[in-house]
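Q: Below you will find the structure I want to go over with you.
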Amino acid sequence: MLLTLLNQRLRNFLDQLGELAQLVGEAGRSLRHQRPSWRDFIDQLYFVGVKSQSVVITTGAATGMVLCAQTYFQFHKVKMDTATGAVVSVGMSSELGPVLAGLMLTARVGAAMAAELGTMKVTEQIDALRTLATHPVDYLVVPRLLATVVAGPLLTAEAIIVGIAASYMVGVNLLGIEGAYYLAYINRYTEPQDVLIGLIKATWFGGLIAMVSCHKGLTCPQGAEGVGRATTEAVVAASITILISNFFLTLLLTRLFN
Amino acid sequence: MALSAPDTRFVKEPNRMIEVRNLWKSFGSQPVLRGTSLRIERGEAVVVIGRSGGGKSVLLKHLIALLQADQGEVLIEGQNLCQLNERQLLSVRRKFGMLFQTAALFDSLTVYENVSFVLRRERKQTEGEIRRLVAEALEMVELPGIEEKKPAELSGGMRKRVGLARAIVYRPEIVLYDEPTTGLDPIAGARIDSLIRRVWQQLHVTSVAVTHDMASAKRISDRILMLHEGVIYADARTPEILNSTDPIVYNFVHGIPTHKPAANTTAAPFSPDI
Ligand SMILES: Nc1ncnc2c1ncn2[C@@H]1O[C@H](COP(=O)(O)OP(=O)(O)O)[C@@H](O)[C@H]1O
Ligand SMILES: [Mg+2]
C-alpha cells in the first residue's frame with residue numbers, strides 16, 4: 001500500500017522531470033532558430049529586474065546586518081572582532097546572496113509566472129495562441145527565461161553589495177569595529193572566485209525559476225483551484241530545487257575554482 | 001486500368017478540405033471519441049451538433065491539432081496532422097482561424113494587439129497596413145474604433161466579435177467556431193450568427209462550427225453532422241436533419257429528453273436539457 005503510493009509518487013516526479021526537460025529542450029530550439037521578441041524580453045526584464053528591487057534590497061540588507069551581528073557576538077569572545085567582515089562578505093557572496101535572492105525571486109516572480117500562464121491555460125488563451133500560429137515557448141517561455149537569467153545575477157550582485165554595506169554600518173557604527181580593519185579583512189579574504197561562484201549560481205537559479213514556473217503554468221489543471229495549485233507547486237518545487245542544487249553547485253564550483 | 005482497387009489514401013481530392021478518419025480519443029478511462037469519421041469540402045458551412053459533454057469541443061480541437069488523437073487520422077488538404085510536431089503544425093494552423101467558446105482574448109493586450117497578433121508577428125506588412133487591416137476586420141464584426149480598449153471592458157458578445165475579428169484578419173481558409181452563441185442573449189447570438197454567415201459568404205472560407213444550439217445551427221449551416229456517443233451518427237443537409245424522423249436526431253432537434261425522467265418530476269417543456 002505504502003509502496004504503491006511511493007511508486008506512484010516517484011513515477012509522477014519522473015514524469016514531471018521528463019516534461020521539464022522537454023520544455024528546456026524546446027526553449028533551446030526556440031533560442032537557436034527563432035529571433036526572440038525584444039519587446040517581450042524588455043517587458044519581462046522590467047517586471048523581473050526592476051520591480052524586484054525593493055524585495056532584494058531588503059533581503060540583502062537584513063541578512064547582512066544579522067549575519068554581521070551574530071558573527072561579531074561569537075568572534076568577540078575570541079577577540080577576533082575585525083575578522084567579522086570577512087565572514088559576512090564571503091558568506092554573502094557565494095552562499096546567502098544568491099540563495100536568498102533566488103528564493104525571493106521564486107516567491108515574487110516564479111509565483112506570478114505560474115499564475116499568469118496557468119490562468120492563460122485554463123481560459124484557453126494558450127490554445128488560442130497556438131491557433132494563431134505561435135509556439136507558446138517562443139512567445140511566453142523564452143522572454144521569461146532570458147529575463148530571469150539576466151536579472152538573476154544582477155539582483156544577486158545588488159543583494160551582495162547592499163548586504164555588505166549594511167553589515168559595515170552595523171559592524172562599524174553600532175558594534176564599534178574599526179572601519180579600516182573591517183574593510184581590509186573583507187579585501188583580504190574575499191576572492192574574486194567567491195563572487196563569481198555567487199553569480200554563476202544566480203544565473204542557474206534564474207533559469208531554474210523561469211523553467212519550473214512556466215512548466216507548472218503550462219501544465220496547469222483546470223479551474224481556479226488548478227491555478228492555485230500550479231502556483232504553490234511552482235514555488236515549492238523551485239525553492240527546493242534551489243536549495244538542493246545550491247549544495248552541489250558549492251561543491252562543484254569550489255572544486256573547479258580552487 | 002488497375003488490377004486491384006486503387007488505394008484511396010493516395011487519391012488526391014482537390015476539394016477535400018478536412019478529412020477525419022476513425023478518430024479515437026479518451027481522457028483517462030473515459031472514451032470521448034470512438035471512431036469518428038467525417039469529410040468537409042472546400043467552401044462548405046458545416047455544423048456539428050450534439051449533447052453538452054459529448055465531445056464536440058474535443059473533436060474541433062483535433063481538427064487544428066490542439067489535441068493529439070489516440071488513434072486515427074486528421075487530414076487538412078490531404079496533409080496528415082498526426083505526423084507533424086508542434087513546430088511543423090504552426091504553418092498548418094496558419095490556414096485556420098478559431099473562435100473559442102469564451103473568446104479567449106489575451107487579456108493583457110488591447111483589442112488592437114489581439115486582432116493584429118498574427119500580422120505583427122509575421123511582419124510581412126507595415127504597421128500602417130496592419131492598422132488598416134485591423135480596422136477593416138473590426139468594421140466587419142461591427143465594432144469599429146475600439147482598438148484601444150482592453151478585453152475586460154467589453155461585454156461577452158463584443159468579446160466574441162473581437163475574437164472573430166482576430167480569427168479572420170489574416171484571411172484563413174478555414175474558420176472553426178466552438179459554441180459561437182453559447183452564453184449570449186438571443187439578440188447577441190443572432191448577431192454572431194449573421195456575422196458567421198457573412199464571413200462565410202464574403203471571405204469564401206470553409207466554416208465549421210460545433211454547437212448544441214439548434215436555432216444557431218439552422219442559421220449558419222448547409223450541412224449538419226450529429227455527434228452521438230463518440231461517432232458521427234447523422235450527416236445530411238440542414239433541412240433533412242431538421243425534418244428527420246430518426247428518434248435520436250428528432251429528440252435532439254426538438255429538445256426532448258431521451259433519458260427516463262425521475263418519477264416525481266415533470267420535465268418543463270421550455271427548458272430542454274442542455
Ligand atoms: N483536456 C481534457 N482533460 C480531461 N477531460 C477532458 C478534456 N477535455 C474534454 N474532456 C472531457 O471530454 C468530454 C467531452 O468534452 P467536450 O468536448 O468539451 O464536450 P462538448 O460537446 O460539450 O464540447 C467531457 O466529459 C470532458 O470532461
Ligand atoms: Mg464544448
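Q: On average, how many beta carbons from a partner chain sit within 10 Å of the beta carbon of a residue in B:115-125? It would help to have the intermediate numbers written out before the result.
A: Working: counts 0, 0, 6, 4, 0, 1, 6, 1, 0, 0, 0.
If you average over the peptide's residues, the count of other-chain Cβ atoms is 2.
Q: What does the charge count near B:GLN71 come to, summing +1 for each Lys or Arg and -1 for each Asp or Glu among other residues with Cβ under 12 Å from its Cβ?
A: Once positives and negatives cancel, what remains is +1.
Q: For chain B, compute Rg over Rh where Rg is the Cα radius of gyration and Rh is the Kirkwood radius from the inverse mean 1/r over Cα pairs.
A: Reported Rg/Rh, Kirkwood definition of Rh: 0.99.
Q: Suppose a student asked you for the relative contact order of the stretch A:36-257, using Cα pairs under 8 Å spaced at least 6 residues apart; what percent would you report? Let's see the in-between values first.
A: Working: 329 pairs, mean separation 78.6, N = 222.
Across the stretch A:36-257, relative contact order equals 35 percent.
Q: Okay, next question. Across the stretch B:158-264, how large is the tail of the calculated P(r) beyond 19 Å, expressed as a percent of all Cα pairs?
A: Values: 2797 of 5671 pairs.
Pairs farther apart than 19 Å: 49 percent.
Q: What is the average number of partner chain Cβ atoms found within 10 Å of a Cβ in A:118-125? Intermediate values should be presented prior to the final figure.
A: Details: counts 0, 1, 4, 0, 0, 7, 10, 8.
Mean shielding count: 4.
Q: Also, I was wondering about something else. Counting only protein heavy atoms, what percent of the accessible surface of the stretch A:36-257 is carbon or sulfur at a 1.4 Å probe?
A: Numbers: 6780 of 9610 Å².
For the stretch A:36-257, the apolar C and S fraction of the accessible surface comes to 71 percent.
Q: Stretch B:LYS150-B:ARG237 to full length: gain in nm at 0.36 nm per residue minus the Cα-Cα span? Write down the numbers at each step before the final one.
A: Numbers: separation 87, 0.36 × 87 = 31.32 nm, distance 4.02 nm.
Between B:LYS150 and B:ARG237, full extension yields an extra 27.3 nm.
Q: Right, next: Rg(Cα) of the protein assembly as shown divided by 2.2 N^0.38 Å? Each step should come with its number before you reach the end.
A: On the way: Rg = 29.7 Å, N = 532, 2.2 N^0.38 = 23.9 Å.
It is 1.24.
Q: How large is the accessible surface of B:GLU148 in square angstrom, using a 1.4 angstrom probe and rounding to the nearest 10?
A: Per-residue accessible area (B:GLU148): approximately 120 Å².
Q: Once every DSSP H run of n ≥ 4 in the protein assembly as shown is given -39500 (n - 2.57) and the sum is divided by its residues, what mean residue ellipticity at 222 nm do you get, rounded to the nearest 500 deg cm²/dmol?
A: -18000 deg cm²/dmol
Q: How much accessible area per residue does chain B have, in Å², with a 1.4 Å probe? Could you put the intermediate results ahead of the total?
A: Numbers: 13400 Å² over 274 residues.
Solvent-accessible surface per residue comes out at 49 Å².
Q: Looking at chain B, what % of its DSSP beta bridges pair antiparallel, to the nearest 5? Please report the intermediate quantities before stating the final value.
A: Values: 22 of 40 bridges.
Bridges in chain B are about 55 percent antiparallel.
Q: Give the distance, in whole Å, between the Cα centre of the stretch B:62-101 and the Cα centre of the stretch A:172-208.
A: Using only Cα atoms to place each centre, the spacing works out to 55 Å.
Q: Within straight cross-link reach of A:LYS201, meaning Cα distance under 14 Å, which aspartates and glutamates are found once same-chain residues fewer than 8 apart are removed?
A: A:GLU95
Q: Give, ordered by residue number, each residue of the stretch A:135-155 whose 1.4 Å probe accessible area is reduced by a minimum of 20 Å² on adding the remaining protein chains to the chain alone.
A: Flagged in the stretch A:135-155: A:HIS135, A:ASP138, A:TYR139.
Q: Do you know the relative contact order of chain B, to the nearest whole percent, from alpha carbon pairs under 8 angstrom that are 6+ apart?
A: On the way: 470 pairs, mean separation 63.9, N = 274.
Relative contact order here is 23 percent.
Q: To continue, here is another question. Please state the equivalent ellipsoid semi-axes for the stretch A:36-257: what are the square roots of 5 times the Cα gyration tensor eigenvalues, largest first, in whole Å?
A: 39, 15, 14
Q: Let me ask something else. Placing +1 at every Lys and Arg Cβ and -1 at every Asp and Glu Cβ, with all other atoms neutral, what dipole size does the stretch B:84-210 have around its Cα centre, in debye to the nearest 20? Spell out each step's value before the answer.
A: Details: 20 positive and 17 negative charges, 82 e Å.
So the magnitude is around 400 debye.
Q: On to the next question. Pairs B:LYS25/B:LYS124; B:LYS124/B:LYS218; A:LYS51/A:LYS216: which exceed 28 Å Cα-Cα? All intermediate terms of the calculation are to be shown ahead of the outcome.
A: Numbers: B:LYS25/B:LYS124 38 Å; B:LYS124/B:LYS218 38 Å; A:LYS51/A:LYS216 22 Å.
Result: B:LYS25/B:LYS124; B:LYS124/B:LYS218 exceed 28 Å.
Q: Can you give the relative contact order of the stretch B:106-198 as a percent, counting alpha carbon pairs under 8 Å and 6+ residues apart? It would help to have the intermediate numbers written out before the result.
A: On the way: 91 pairs, mean separation 29.2, N = 93.
Computed over the stretch B:106-198, the figure is 31 percent.
Q: Right, another one. So what is the accessible area of the stretch A:29-142 per residue, in Å², with the probe set to 1.4 Å? Can you show the working numbers first?
A: Numbers: 4850 Å² over 114 residues.
Per-residue value: 43 Å².
Q: Please give the average number of partner chain Cβ atoms lying within 10 Å of the Cβ of each residue in B:204-210, rounded to a whole number.
A: Working: counts 0, 0, 0, 0, 0, 0, 0.
Counting Cβ atoms of other protein chains within 10 Å of each residue's Cβ and averaging gives 0.
Q: What list of ³J(HN,Hα) values in whole Hz, one per residue of the stretch B:138-146 in order, does the Karplus curve 6.51 cos²θ - 1.76 cosθ + 1.60 (θ = phi - 60°) give from phi, with Gly and Pro shown as x?
A: 5, 4, 4, 8, 6, 9, x, x, 9
Q: To continue, here is another question. Viscosity 0.890 mPa s, temperature 25 °C: what is the translational diffusion coefficient of the stretch A:1-151 from Stokes-Einstein with a Kirkwood Rh over Cα pairs, rounded to a whole number of µm²/s?
A: Details: Rh = 18.9 Å.
Translational diffusion coefficient: 130 µm²/s.
The values are calculated or read from the model by the stated rules, or taken from the named source; none is laboratory data. Here the structure is a predicted model, which means the values were calculated and not measured. All Cβ positions, even for glycine, are placed from backbone atoms using ideal geometry, and neighbour counts span all protein chains on display. To get the accessible areas, we keep the full protein, side chains included, count just its heavy atoms, and leave off ligands, DNA and RNA. Shrake-Rupley method; radii C 1.70, N 1.55, O 1.52, S 1.80 Å.
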